[in-house]
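Below is one structure, written out as structure tokens; comments come after it.
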Amino acid sequence: MFDIRGAKKLVEVKDLKMHFPIRSGLLQRVTGAVKAVDGISFDIYEGETLGLVGESGCGKSTCGRAVLRLYEPTSGSIILDGKEIAHAPFDKLRSLRPMMQMVFQDPQASLNPRMTVAGIIGEPLSEHSKMTGKERLERIYELMDAVGLNRDFANRYPHEFSGGQRQRIGIARALALNPKFIVCDEPIAALDVSIQAQVVNLLEELQDRLGLTYLFISHDLSMVRHIADRVVVMYLGKVAEIGPRDGLYEDPLHPYTQALLSAVPEPDPVSHDNANRTILEGDVPSPANPPKGCNFSTRCPRVMDICRQIDPEVREVKPGRFVACHLYNETTPETADNAAEPAEA
Amino acid sequence: MTDNADRPNQPLHGAGATPAGAAPVMEFESYRAPRNQWWDVWDQFKTHKGALFGLGFFIFTLLFVFVGPLIWTLDSQFIDIRARNAGPSWAHPMGTDQLGRDTLARMMAGGQTSIAVGLTAMLLALFLGTLIGVMAGYFRRIDGLLMRMTDLFLALPLLPLLLVIIMLYRDNLRAAFGPEGGIFVLIVVVIGATSWMQTARVVRGDVLAIKEREFVLAARSIGTPSHRMITRHLLPNVMSPIMVSATLGIANAIITESALSFLGLGFPSDFPTWGRLLFDATDWLTQNPERVIWPGLAISLTVLSVNYIGDGLRDALDPRIRGR
């Protein structure tokens, strides 16, 4: 397993906020904001895979895109390899682009239907390198080999491929500039289960060979357990819990993480029926109008009075494990028995 | 489609360079280098019978009007009053008009103007329409302004506007570019500047839709600047509506020019265009009906052939249709 100690921080996200303005009325005045990402902080260490999980609409993808500055973040800072990118001007950002790339969710939509495979994979090369046509073609073939595509496919168009092959094209494009950091935005969600395994194994193999760092966004908890070293759980634009994979999956601290993990389907039908699931009541509140206090207070099975008043901060409750929950406040009397039960780490 | 003809040019893939994954297949089979995609376009275009026929006819028309006068050397302005209102004969294969001018020579001379006006006015309208459409769709800030301007132009009544413009500027332009040149510039600009709006609307709509697709986001994550984003990702994907506008635009321009000449507002009365020939011939409809048929046929068939070319080109430019 990946060892945090001694590893260097490649990406530091601090208090990142991404609010989308809501305009209304005749004059289109800003009357509110969808707080898709509302002040989240995490670090990604070099060579690790950080899984980002949460339910639909909790801001996972927005967070991933904001980290690459595909959106203009409302506030906060993103430091990639020592360089601030959250507010860098276009030219400076462009020179940093080769370091960070993205693999998209929908391989159909993320490839230009009018470009050949060679054109798609070669686009980053022609943007950022001064290769001649021949060198570029050689590099394109190299990349196609790396992701397991037949070289003969180079002059075909995306619509001629299956979903898994298209995703390989997307991965080859992301790898073209030798990036250090790749955001994988649900790269397997649109694929068949058998293809999912292929693509995930390809991503792992490439990570081993090229020393890549991933931010792996997914709602598939089993897949994240398979690929991630550490996991961030998001709820309604905020971090609920951050922790190393094994600790988090065996002993979830935040009530939301507990509910989320208990929702993972069980392959064994007997234990599936007997599973003691935490079923959450109600719906996710609107990110345009989040509840006062803790975002999860409206649905939390263990809600306390303080949760409806004060928004909990993310604190390190055990080494490497960060939780945003009042259950783990040192000063709260309930903390003692609640925190005591999941003892080992 | 592609055969093995271009394979021998390709260096065989070196055995050492491939990692284990894809190697076994490749050792036997060489691979084709990405060839220029215009060859694929041509291959597909060739399969469209109507388009080929249209292209053939259009080339024939071009040869007829531009090379024809070198062979049929009779001057279109030469008046042979004794042969006036003659029917087809060996001396005048398409007959003569009321002043005894040879209709075949006038068809050639008129075609030059009509086709030149059609092509240039179409290009101007297409350029304006695409530019404004892409700008409005891509840059949100100027969208409102540009689209209201488009609405403004759409709301202008075309024919009265043309009449006013021609009245106002005809003399100045004549002074600057000569009698024919001045009118040519005037007509091209007027037709171009009043027929770009549909293109702009359609292109803007498509750009708005394509801008939100993930491949544009992917290009942004690579750091592609706006101008290359437009030329590389947006324009190729709005090619179909642009192609359709282009072909309809040529037809529209030729017909508008004909209408203007027909109304007597286009080129000088002795300067032949297909529209002017048609206009002059209507007075002699009962006596010499073939004089109406020639220019009418030329206009209709040219427009039809251009429409077919556009149809074939649009299909050929779409890789999803290509090869089917």
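Rundown of residues vs (1) of a type in the set (Gly, Ala, Ser); (2) in contact (Cβ under 8 Å) with a residue 60 or more places away in the chain, yes/no style:
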site	(1), (2)
A:Ala88	yes, no
A:Pro98	no, yes
A:Val117	no, no
A:Ile121	no, no
A:Ser126	yes, no
A:Ser129	yes, no
A:Arg136	no, no
*What is the one condition in (1) buried (at least 18 other Cβ atoms within 10 Å of the Cβ); (2) within 14 Å of another protein chain (Cβ to nearest Cβ) that A:Arg209 does not satisfy?*
(1)
*Which numbered condition trips up A:Gly57, out of (1) touching a Phe, Trp or Tyr at 6+ places or on another chain (Cβ under 6 Å); (2) surrounded by fewer than 18 Cβ atoms within 10 Å (Cβ to Cβ)?*
(1)
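Applying the selection to the range B:303-324, what residues are of a type in the set (A, V, I, L, M), assigned to a helix (DSSP H, G or I) and surrounded by fewer than 21 Cβ atoms within 10 Å (Cβ to Cβ)?
B:Val303, B:Leu304
Just to check your reading of the model, which residue among A:Arg315, A:Arg308, A:Arg225, A:Arg245 is basic (Lys, Arg), more than 21 Å from the chain's Cα centre (by Cα) and open to solvent by 30 Å² or more (accessible area, probe 1.4 Å)? Spell out how you get there, then give the answer.
Numbers: A:Arg315 fails: more than 21 Å from the chain's Cα centre (by Cα); A:Arg225 fails: more than 21 Å from the chain's Cα centre (by Cα); A:Arg245 fails: more than 21 Å from the chain's Cα centre (by Cα).
That would be A:Arg308, the only listed residue that is basic (Lys, Arg), more than 21 Å from the chain's Cα centre (by Cα) and open to solvent by 30 Å² or more (accessible area, probe 1.4 Å).
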*asked:* For the range A:148-191, which positions are open to solvent by 20 Å² or more (accessible area, probe 1.4 Å), under 17 Å from the mean Cα position of the chain (by Cα) and either among the hydroxyl-bearing types (Ser, Thr, Tyr) or more than 12 Å from chain B (Cβ to nearest Cβ) (or both)?
replied: A:Lys180, A:Ala189
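How many residues are more than 23 Å from B:Phe262 (Cα to Cα) and open to solvent by less than 30 Å² (accessible area, probe 1.4 Å) when one looks only at the range B:144-163? Walk me through it before giving the result.
Keep residues of the range B:144-163 that are more than 23 Å from B:Phe262 (Cα to Cα), which gives B:144-155.
When the remaining residues are screened for being open to solvent by less than 30 Å² (accessible area, probe 1.4 Å), the result is B:146-147, B:150.
Of the residues in the range B:144-163, 3 are more than 23 Å from B:Phe262 (Cα to Cα) and open to solvent by less than 30 Å² (accessible area, probe 1.4 Å).
Please pick out the residue among A:Glu123, A:Glu127, A:Glu138 that is more than 24 Å from B:Arg320 (Cβ to Cβ) and within 8 Å of chain B (Cβ to nearest Cβ). Full working, then the answer.
Working: A:Glu123 fails: more than 24 Å from B:Arg320 (Cβ to Cβ); A:Glu138 fails: within 8 Å of chain B (Cβ to nearest Cβ).
That would be A:Glu127, the only listed residue that is more than 24 Å from B:Arg320 (Cβ to Cβ) and within 8 Å of chain B (Cβ to nearest Cβ).
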*Would you check which residues across the range B:164-184 are surrounded by 14 or more Cβ atoms within 10 Å (Cβ to Cβ) and of a type in the set (A, V, I, L, M, F, W, C) and list them?*
B:Ile165, B:Ile166, B:Leu173, B:Phe177, B:Ile183, B:Phe184
*Sole exception among (1) crowded, with 20+ Cβ neighbours inside 10 Å; (2) under 25 Å from A:Ser286 (Cα atoms); (3) out of contact with any strand residue (DSSP E or B) (no Cβ under 6 Å at 6 or more places or on another chain) for A:Thr116, by number*: (2)
*Output the number of the condition that A:Ser271 fails; it satisfies all remaining conditions of (1) open to solvent by 20 Å² or more (accessible area, probe 1.4 Å); (2) small (Gly, Ala, Ser); (3) in a loop (DSSP other than H, G, I, E, B).*
(3)
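Rundown of residues vs (1) away from every other protein chain (no Cβ under 12 Å); (2) crowded, with 24+ Cβ neighbours inside 10 Å; (3) without any contact (Cβ under 8 Å) to a residue 12 or more places away in the chain, yes/no style:
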| position | (1), (2), (3) |
| --- | --- |
| B:Lys211 | yes, no, no |
| B:Ala218 | no, yes, yes |
| B:His227 | yes, no, yes |
| B:Glu257 | yes, yes, no |
| B:Phe271 | yes, no, no |
| B:Gly275 | yes, yes, no |
| B:Leu297 | yes, no, yes |
| B:Leu301 | yes, no, no |
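Among the strands (runs of 3 or more DSSP E) contained in the range A:162-261, which hold 3 or more residues that are in contact with a Cys (Cβ under 8 Å, 6 or more places away or on another chain) and modelled with pLDDT of 90 or more?
A:213-217
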*Under 6 Å by Cβ, and 6 or more places apart or on different chains, what pairs join a residue from the range B:52-77 that is over 17 Å from B:Pro272 (Cα atoms) with one that is open to solvent by less than 50 Å² (accessible area, probe 1.4 Å) and part of a helix (DSSP H, G or I)?*
B:Gly54/B:Ser305; B:Gly54/B:Ile309; B:Leu55/B:Ile309; B:Phe57/B:Ser305; B:Phe58/B:Ser305
*For residues that are within 14 Å of the chain's Cα centre (by Cα), among the aliphatic types (A, V, I, L, M) and away from chain B (no Cβ under 14 Å), tally how many sit in the range A:52-80.*
2
*Which condition does B:Arg291 not pass, out of (1) surrounded by fewer than 22 Cβ atoms within 10 Å (Cβ to Cβ); (2) over 20 Å from B:Leu158 (Cβ atoms), if it passes all the others?*
(1)
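The values are calculated or read from the model by the stated rules, or taken from the named source; none is laboratory data. The shown structure was predicted, so the numbers you read here are calculated from the model rather than taken from an experiment. Every residue, glycine among them, receives a Cβ derived from its backbone with ideal geometry; neighbour counts consider all protein chains shown. Only protein heavy atoms, including side chains, enter the accessible area calculation; ligands, DNA and RNA are left aside. Shrake-Rupley method; radii C 1.70, N 1.55, O 1.52, S 1.80 Å.
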